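The values are calculated or read from the model by the stated rules, or taken from the named source; none is laboratory data. What you are looking at is a predicted structure, and each value in this text was computed from that prediction instead of being measured. As a convention, Cβ positions derive from the backbone with ideal geometry for all residues, glycine included, and neighbour counts pool all protein chains shown. When the accessible area is computed, the model is the full protein with side chains, heavy atoms only, and any ligands, DNA or RNA have been set aside. Shrake-Rupley method; radii C 1.70, N 1.55, O 1.52, S 1.80 Å.
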Amino acid sequence: SVTTNTALPDASASSVGTIGCTGGNATVNASSSTAGATYSWSGAGIVSGGNTSSATVSMAGTYTVTVTDPANGCTNTATATVNPSTGVPNASASVTGTVTCSNNTAVANGNSTTAGVTYSWNGPGGFTSANQNPTVNAAGTYTVTVTDPGNGCINVATVTVPTNTTAPNANASSTGTLTCSNNTVSINASSTTPGATYNWNGPDGFTSNSQSATVNTPGTYTVTVTDPANGCTNSSSAITSSAITPPSANAGADVSISLGSSTTLNASGGVSYTWSPTSGLSCINCINPVANPDETTTYCVKV
């Protein structure tokens, strides 16, 4: 009588853990109720324990265990699947503020709903930060890398920090020339920038916050124009000239006459003339009046 013993050992397999975005290990486990059964694992990424009931693996995929009954040499197989981690964190970025001349910082904001993530920022000028919401002082594009430390998976987001550093346009002008008869002139500033403010500085400590001002000293007047929206400034200058050189006045030489006689006075150096005192003169607004004084008199001519 020939008997047979070809009963297959029972076999089952399972996995514990996933393979993260940056690698790591997982475990595959086999079991059998067959007494003395042996195990042999096959599959990519077996790190250790390939001939035991529990093997350590480093790659996602399907692993096959062969279970052998040593009593009859019969085998059976089972498989376990190690899944890759799919937990890539979500990531977004935003900005608070604008870089301007008066406010040279803004805040870059990193956001993720994945718990426990870390943040790593990079930006213009070699900027780096591990803060979730760092303060930045330069316009440009900033990139945040969001990492889930639980599985090593990452995601990135970018944000552009805006800037408003445009200087206002500025123009300055002066009306007229300072003269002996016109001893004041106006200086005027203008700008097409809405709401611009003005600040004048000039000779002898002159200052004014008016758009237009009246001055009486020749020289260079500089206006600083400020845009209140961004604090940026620009300047322009107006030159006030002077023509206040007096004419050369000459009333002629001293003259001696006898009482009752007359003489002609001779003025020069100007365009119009006024003589004083008026007594003994034939006219007071002529260049050569005839003088017939009753006594010695000093006549003065205003040229």
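What the table shows:
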item: Karplus-derived 3J(HN,Hα), 6.51/-1.76/1.60, for each residue of the range 226-236, Hz, glycine and proline x; result: 10, 8, x, 6, 9, x, 7, 10, 8, 9, 8
item: Candidate residues 178, 8, 281: accessible-area rank, largest first, probe 1.4 Å; result: 8, 281, 178
item: Gyration tensor (Cα) of the range 150-303, equivalent ellipsoid semi-axes in angstrom; result: 70, 11, 10
item: Globularity index of the range 44-107, i.e. its alpha-carbon radius of gyration over 2.2 N^0.38 Å; result: 2.48
item: The range 37-147, accessible surface, carbon-and-sulfur percent (1.4 angstrom probe); result: 47 percent
item: Label point at residue 40 placed 7 Å out along Cα→Cβ; residues across the range 1-17 whose backbone nitrogen lies under 16 Å; result: 9
item: With DNA, RNA and ligands ignored, accessible area of residue 101 (1.4 Å probe; Å², nearest 10); result: 70 Å²
item: Distribution of pairwise C-alpha distances over the chain, 20 Å bins, in %; result: 19, 19, 18, 13, 12, 8, 6, 3, 1, 0
item: Cα-based convex hull, the range 33-148, per residue volume (Å³, whole number); result: 130 Å³
item: Spacing of the two label points (7 Å from each Cα toward its C-beta) at residue 259 and residue 239, in nm; result: 6.2 nm
item: Per-residue SASA entry for residue 107, accessible area with 1.4 Å probe, Å² rounded to 10; result: 50 Å²
